[in-house]
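See structure below.
The values are calculated or read from the model by the stated rules, or taken from the named source; none is laboratory data. Computed from a prediction, not measured in an experiment: that's the story for all the values here. Because the Cβ atoms are built from the backbone with ideal geometry, glycine has one as well, and the counts that use them run over all protein chains shown.
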Amino acid sequence: MPTFVYMTRCDGCGQCVDICPSDIMHIDKSLRRAYNIEPNMCWECYSCVKACPHHAIDVRGYADFAPLGHSVRVHRDEEKGVIAWRIKFRNGKKDMDLLAPITTKPWGQEIPQLADVAAPSDEMRNSELLFNEPKYVRLDDGGLHTLESNGLKLKEGVYY
Amino acid sequence: MAYKTIIEDDIDVLVAGAGLGGTGAAFEARYWGKDKKIVIAEKANIDRSGAVAQGLYAINCYMGTRWGENNPEDHVRYARMDLMGMVREDLAFDMARHVDSAVHQFEEWGLPLMRNPETGSYMREGRWQIMIHGESYKPIVAEAAKKSADKVFNRICVTHLLMDEAQENRVAGAVGFNVRTGNYHVFKAKTVIVGAGGASNIFKPRSVGEGAGRVWYAPWSSGSAYGLMIEAGAKMTQMENRIVLARFKDGYGPVGAYFLHLKTYTQNCNGEEYESKWFPALTEMVGKAYLDTEGQHLSHKPIPTCLRNHAFISEVNAGRGPIHMVTMEAFQDPHLEEIGWHNFLGMTVGQAVLWAATDVDPKYENPELTTSEPYVMGSHATGCGAWCSGPEDVSPPEYFWGYNRMTSVAGLFGAGDAVGGTPHAFSSGSFTEGRLSAKAACKYIDDGKGEGIVVSSKQIEDRKKEIYKPLETYTVGRNEIVAGTVNPNYINPRQGLDRLQKLMDEYCGGFGVNYMTNDKLLQIGLKKMKILGEDLEKVAAEDIHELLRAWELKHRFLTSESVFQHTLFRKETRWPGYYYRGDAMKLDDENWHVLTVSRRDPKTGEYTMEKAPLYHLVGDEEG
């Protein structure tokens, strides 16, 4: 389902160009609007569709196996933290609205700035622990699993 | 050449490729290296790059030790069983004991994990999988990486690693070009963590034309994890262990939630259960230790992924295809129906598009399944990747050389698809591996192992010439013809990719030959690969975008060559359903209960192969 761009809705802002993971949304130099330059490298990931501020980008199923006449549209709202989908079948018999959360917190605020947290002790550096461990492994006072704590031993080439 | 050379110097930790592995590495590196210079080079935009760009509806690797669900060794046992014994159990144990701490942080950062309303624990899809609303999984972890990194260079296609000229076999950074400006970027670094991806599109895909992009793994996963490391002379392991996926036909929509949560099941065209009848013969092929249907039934052990594929493939070959997923029962429940659709919208929108286009309503019609073309990657039910050191407190001497997740090249680390022998890491495990490699990389630097690196301007200039050569080839060759793409002196990247895919399919066990190969076919294939390699010296790029495709192709080529060499080396059929060696159709534990390890000599291009011992840390039965 490669993406395509509606001529009358695109204003050439380039948000899709900026986000496309496959580098296939480019600006047409004479029309100054975006288009998909390489449909057979499109994963239908919808990153550009979600990023377009004008809903100018849509998807038409891959010509080699998807018939015409369907629609899967999306609106992603970072502030409200939700994504809304609408799926319409070719035969018109199914028309679904689906809503899902995309985050439970305001964007980025709960992610720690690790430059500002206390530096690890030498003891921690020499241990197998990572940041926030051992606490975050089980969210209790338990330690990290080791071979010893779990009663394990590595044996060479054993056929169990 | 008009393109500028932009040098980023004095980097401590360079993260090459920032999917889940790379973001984990960049994030964690800041904690252990407060004053270190951490730089990310990413081929796309970090907010939507890598295999998780469009989101995920599940985290497939979560122990749940907090809820008393599993211990790390249980996961090792599971991964080993699923991979027919071939796992680096030290690495797998290490990943599993840390992975929950990553998942708990994701929840704190805002990733919506579903909860079981009765128990309060996470909603389980299966024993290892938890369900999430993960549309924004990648933007969320990208945020964490951006907070930790000094600089993020988006749109840099990293083509090569730089090597130290003072000390043999030590990494010194990486080079590449900006796919928009065309500028040449040089990153001089004490350590490099390769977080780049595995390989889609190296075997001929089932889809043709436009649909060639609807591959199971992302089309931008160009095998760069392997291309970069192989080219630098890093040892690789288990590269023969490609994966074939049983998925919804054409759209390759995921089946995990359908099987595990929605309790759908498969049947042949006559509406019959077909798997079990193939098992007795399969037990003869692989031995009772790997498939003991009766015992397995009693112990509720899952059947390995490849063996279920085998039953699927065999049933279709017997003329009783297509295989259907029986959804009509589960989808009568409106709640389950909604989950079925959300599952696609959250991670494979294309499958929803396809069903809308073909009027397939799974409530009234059981959709078709198919087995995909093979893929080479290291974080799903397969363990391709670099031969890496394990952690000090777990690994035996053969598996330990100082720094966790360091490859056989000093200062070169891996995460996610890049690390071999660690299947079933998935997104959370890849992120965790990134964290582990970041801590180890900081220690490597603190131990003074990255001092005195020398990179001559000759090395930098030579690479620059090499990188832009396809543009030059085009300019010169294009003038000889009137118009079009047919030229006697060059091929374009698409033509090269088509040739590679056909070759891999026909000689290395693609879907077109029912995943079958043998010694003779592999030998012929390798000869043809050698010539393709020569022709790739003449790959031509019309513009910078095509130059990107040219270098992706070169990485895919190096990956494929390694897959050929490994497949040739392992003279047995270890994973029926992934591929078959027609000249050795049985699993052979006497000779091949080992990991395969290869090295490509960067100077000569010659391969050397060796066997490495397998160490086991758990028995088959749960305590």
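Here are some notes:
- Filter pass, B:Glu561 being of a type in the set (Asp, Glu), part of a helix (DSSP H, G or I), within 22 Å of B:Ser221 (Cα to Cα) and touching a Gly at 6+ places or on another chain (Cβ under 8 Å): yes
- Residue ID - surrounded by the most Cβ atoms within 10 Å (Cβ to Cβ), chosen from residues in the range B:243-291 that are of a type in the set (Ser, Thr, Tyr), touching a strand residue (DSSP E or B) at 6+ places or on another chain (Cβ under 7 Å) and not in a loop (DSSP other than H, G, I, E, B): B:Tyr258
- Options B:Gly619, B:Gly582, B:Gly533, B:Gly605; residue that is small (Gly, Ala, Ser) and at pLDDT below 95: B:Gly619
- Of all residues in the range A:99-125, those satisfying the criterion of being facing chain B (nearest Cβ under 7 Å) and part of a strand (DSSP E or B) are A:Ala100, A:Pro101.
- In the range B:314-339, the residues that are within 13 Å of chain A (Cβ to nearest Cβ) and either buried (at least 22 other Cβ atoms within 10 Å of the Cβ) or aromatic (Phe, Trp, Tyr) (or both): B:Phe331
- Test: residue in the range B:531-554 that is within 30 Å of B:Glu73 (Cβ to Cβ) and either within 14 Å of chain A (Cβ to nearest Cβ) or assigned to a helix (DSSP H, G or I) (or both): no
- Residue in the range A:79-86 that is touching a residue at least 24 places away in the same chain (Cβ under 8 Å), in a loop (DSSP other than H, G, I, E, B) and either of a type in the set (Phe, Trp, Tyr) or at the interface with chain B (Cβ under 7 Å from one of its Cβ atoms) (or both) present: no
- Residue in the range B:67-112 that is nearest to the other protein chains (Cβ to nearest Cβ), counting only those that are closer than 22 Å to B:Asn591 by Cα and of a type in the set (A, V, I, L, M): B:Met81
- Residue match in the range B:163-186 (condition: more than 14 Å from every other protein chain (Cβ to nearest Cβ), in a loop (DSSP other than H, G, I, E, B), at pLDDT 95 or above and closer than 28 Å to B:Val103 by Cβ): no
- The number of residues in the range A:7-57 being charged (D, E, K, R), in contact with a helix residue (DSSP H, G or I) (Cβ under 7 Å, 6 or more places away or on another chain) and within 22 Å of A:Trp85 (Cβ to Cβ) comes to 1.
- Screening B:Ala311 against (1) assigned to a helix (DSSP H, G or I); (2) surrounded by fewer than 22 Cβ atoms within 10 Å (Cβ to Cβ) leaves a single unmet condition, (2).
- Meets criteria (free of Cβ contacts under 8 Å to residues at least 60 places away in the same chain, crowded, with 17+ Cβ neighbours inside 10 Å, touching a strand residue (DSSP E or B) at 6+ places or on another chain (Cβ under 9 Å) and more than 9 Å from chain B (Cβ to nearest Cβ)) for A:Ala51: no
- Matching option when the condition is at pLDDT below 95 and under 27 Å from the mean Cα position of the chain (by Cα), among A:Gln109, A:Gln113: A:Gln109
- Residue list for the range B:44-55, restricted to those being facing chain A (nearest Cβ under 7 Å) and either more than 30 Å from A:Cys42 (Cβ to Cβ) or part of a helix (DSSP H, G or I) (or both): B:Asp47, B:Arg48
- Given (1) in a helix (DSSP H, G or I); (2) surrounded by 23 or more Cβ atoms within 10 Å (Cβ to Cβ), index of the condition B:Glu240 fails: (1)
- Lone qualifier among A:Gly92, A:Gly142 - being more than 7 Å from chain B (Cβ to nearest Cβ) and either on the phi > 0 side of the Ramachandran plot or touching a His at 6+ places or on another chain (Cβ under 7 Å) (or both): A:Gly92
Here is a yes/no grid of residues against (1) in a helix (DSSP H, G or I); (2) touching a Cys at 6+ places or on another chain (Cβ under 9 Å); (3) aromatic (Phe, Trp, Tyr):
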| residue | (1), (2), (3) |
| --- | --- |
| B:Tyr3 | no, no, yes |
| B:Arg30 | yes, no, no |
| B:Tyr57 | no, no, yes |
| B:Cys61 | no, no, no |
| B:Glu73 | yes, no, no |
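- Candidates B:Ala145, B:Ala149, B:Ala41 - the one that is more than 9 Å from chain A (Cβ to nearest Cβ), in contact with a Leu (Cβ under 9 Å, 6 or more places away or on another chain) and farther than 23 Å from B:Glu621 by Cβ: B:Ala41
- Cross-chain or 6+ apart pairs with Cβ under 8 Å, the range B:73-95 first and closer than 17 Å to B:Gly416 by Cα, then in a helix (DSSP H, G or I) and polar (S, T, N, Q): B:Met95/B:Thr432
- Out of B:Thr422, B:Thr473, sole residue that is in a helix (DSSP H, G or I), of a type in the set (S, T, N, Q) and touching a residue at least 24 places away in the same chain (Cβ under 8 Å): B:Thr473
- Selected residue [facing chain A (nearest Cβ under 8 Å) and either of a type outside the set (Lys, Arg) or touching a Ser or Thr at 6+ places or on another chain (Cβ under 8 Å) (or both)] from B:Leu617, B:Leu595, B:Leu587: B:Leu617
- Of residues in the range B:190-230 being within 14 Å of the chain's Cα centre (by Cα) and at the interface with chain A (Cβ under 7 Å from one of its Cβ atoms), the one surrounded by the fewest Cβ atoms within 10 Å (Cβ to Cβ): B:Pro219
- Some residue of the range A:60-78 being more than 11 Å from every other protein chain (Cβ to nearest Cβ) and crowded, with 22+ Cβ neighbours inside 10 Å: no
- Taking the criterion of being closer than 19 Å to B:Gly233 by Cα, more than 14 Å from the chain's Cα centre (by Cα) and buried (at least 24 other Cβ atoms within 10 Å of the Cβ), the residues of the range B:405-436 that qualify are B:Arg405, B:Met406, B:Thr407, B:Gly411, B:Leu412, B:Phe413.
- Remark: pairs (first residue in the range B:480-495, assigned by TED's automatic domain parsing to the domain that holds B:Leu532; second residue of a type in the set (Phe, Trp, Tyr); Cβ separation under 8 Å; 6+ apart in sequence or on different chains) = B:Tyr490/B:Tyr474.
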